[in-house]
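Worksheet: the structure to be examined is printed underneath.
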Amino acid sequence: MQERQPSRTALGAAAHRAAHQRHVGGRIFHDPFAHVVLGADADRIISELAGDPAARSLQLFIAARSRFAEDCFAAAVERGVRQAVVLGAGLDTMSLRQPHGGVGLRIYEVDHPATQQWKRNRLAEAGLTAPTTVTFVAVDFEKDDLGSTLAMAGLRSDAPAFFTWLGVVPYLHREAVIGTLRTIASIPNSEVVFDYTEPLENYDGIARARLSAVAERTAAIGEPWLTFFDPAEVEELLHGLGFGHQEDLGLAQIDIRYLGVRPEASRKRPGPHVLHALRRQTSHGG
Ligand SMILES: C[S@@+](CC[C@H](N)C(=O)[O-])C[C@H]1O[C@@H](n2cnc3c(N)ncnc32)[C@H](O)[C@@H]1O
């Protein structure tokens, strides 16, 4: 990502969530702040998406990954987790919506310093205030020590924590992805929801052309896709880090779970994935 420039892809992801509210009434993911965080240009930004042939499928996926993350988060809160970390938050609005207000949750919003400052300015301009239970933590995943920075901000490393990390993995070098997962794994009973993209060579025909076009666009605005994973590779990586529970949703599972497609009618195909991994601490600390 370019130094000192706020992330343009953060604006793009937020625009897709806002379009999802406008076009299908937030059918998969309801976000009453999605429009307002886009600022005064919201309508223009949303209408610009209409010209993109990949917009519909991207929009569905972006809505589904947020929904999945927040469903997993709700289950974690139910199990007693009281710390959440939104990694690479962009214009994500979970901390504004506070879906589990009143249970004593602390939320840490982590982002690249330039993007985080830009978001905070946007919130102020929109007259929105993050609750006092939200702590903003500026981190560059490529350069900074995430674990110690979060600890300094107040995250307890002796209590379970839930991490979401949406739309970020492709933009990082592989070492930064693995380093971040290691930090998450170092917290007892930690869990994470993140998404990743399969290598372009897994796709064929129109799907590959569309994905290449999206990748070229993000590269042209200074945010190239750097890291892709095969599902088996992710599974092995997480397993090696001690994440015993994993649920990986590809496009076919998303169709079934969120679009009501019957299992026998769903079609397995390469695409983005969203995954939940949970690392249970055993009594002997493993
Ligand atoms: C596509 S946006 C996704 C934002 C948000 N999670 C969402 O789903 O709308 C990518 C986010 O990753 C962040 N990011 C990319 N590279 C980063 C880095 N090296 N350190 C910290 N954040 C980074 C950007 O600032 C941006 O907020």
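The values are calculated or read from the model by the stated rules, or taken from the named source; none is laboratory data. It should be emphasised that the depicted structure is a prediction, and the values quoted were computed from it without experimental measurement. Cβ sites come from the backbone with ideal geometry, for glycine too, and all protein chains shown count toward neighbours.
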- the range 1-55, subset polar (S, T, N, Q) and within 13 Å of the ligand (Cβ to nearest atom), residue surrounded by the most Cβ atoms within 10 Å (Cβ to Cβ): Ser7
- Message: So for the range 15-23 (the condition being assigned to a loop (DSSP other than H, G, I, E, B) and either in contact with a Cys (Cβ under 7 Å, 6 or more places away or on another chain) or not aromatic (Phe, Trp, Tyr) (or both)), does at least one residue qualify?
- Response: no
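For every residue, the table says whether it meets (1) surrounded by 14 or more Cβ atoms within 10 Å (Cβ to Cβ); (2) part of a loop (DSSP other than H, G, I, E, B).
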residue	(1), (2)
Met152	no, no
Glu175	no, no
Ala219	no, no
Gly222	no, yes
Thr227	yes, yes
Gln253	yes, no
- Residue hits (the range 170-194; within 15 Å of the ligand (Cβ to nearest atom) and among the hydrophobic types (A, V, I, L, M, F, W, C)) are Leu172, Ala176, Val177, Ile178, Leu181, Ile184, Val192, Val193, Phe194
- Task: Would you check if there is a residue in the range 25-42 being in a helix (DSSP H, G or I), farther than 19 Å from Gly127 by Cβ and not small (Gly, Ala, Ser)?
- Result: no
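This table checks each residue for (1) touching a helix residue (DSSP H, G or I) at 6+ places or on another chain (Cβ under 9 Å); (2) closer than 23 Å to Leu11 by Cα; (3) not small (Gly, Ala, Ser).
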residue: Ile187; (1), (2), (3): yes, no, yes
residue: Phe194; (1), (2), (3): yes, yes, yes
residue: Ser212; (1), (2), (3): yes, yes, no
residue: Leu226; (1), (2), (3): yes, yes, yes
residue: Pro231; (1), (2), (3): no, no, yes
residue: Ala265; (1), (2), (3): yes, no, no
residue: His273; (1), (2), (3): yes, yes, yes
- Which one of Leu87, Leu150, Leu58 is within 16 Å of the ligand (Cβ to nearest atom) and modelled with pLDDT under 95? Leu58
- Item | Number of the condition not met by Asp92 [criteria: (1) more than 10 Å from the ligand (Cβ to nearest atom); (2) acidic (Asp, Glu); (3) touching a Lys or Arg at 6+ places or on another chain (Cβ under 9 Å)] | (1)
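Quick one: in the range 112-127, of everything that is assigned to a loop (DSSP other than H, G, I, E, B) and either of a type in the set (Val, Ile, Thr) or modelled with pLDDT under 95 (or both), which residue is farthest from the ligand (Cβ to nearest atom)?
The residue in question is Gly127.
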- Message: Conditions first: (1) over 27 Å from Gly250 (Cα atoms); (2) surrounded by fewer than 22 Cβ atoms within 10 Å (Cβ to Cβ). Val137 passes all but one, so which condition is the exception?
- Response: (2)
- Residue in the range 264-284 that is exposed (fewer than 13 other Cβ atoms within 10 Å of the Cβ) and of a type in the set (S, T, N, Q) present: yes
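In the set Glu142, Glu109, Glu70, which member is part of a loop (DSSP other than H, G, I, E, B), within 23 Å of Val274 (Cα to Cα), within 14 Å of the ligand (Cβ to nearest atom) and among the charged types (D, E, K, R)?
Selected residue: Glu142, the only one of Glu142, Glu109, Glu70 that is part of a loop (DSSP other than H, G, I, E, B), within 23 Å of Val274 (Cα to Cα), within 14 Å of the ligand (Cβ to nearest atom) and among the charged types (D, E, K, R).
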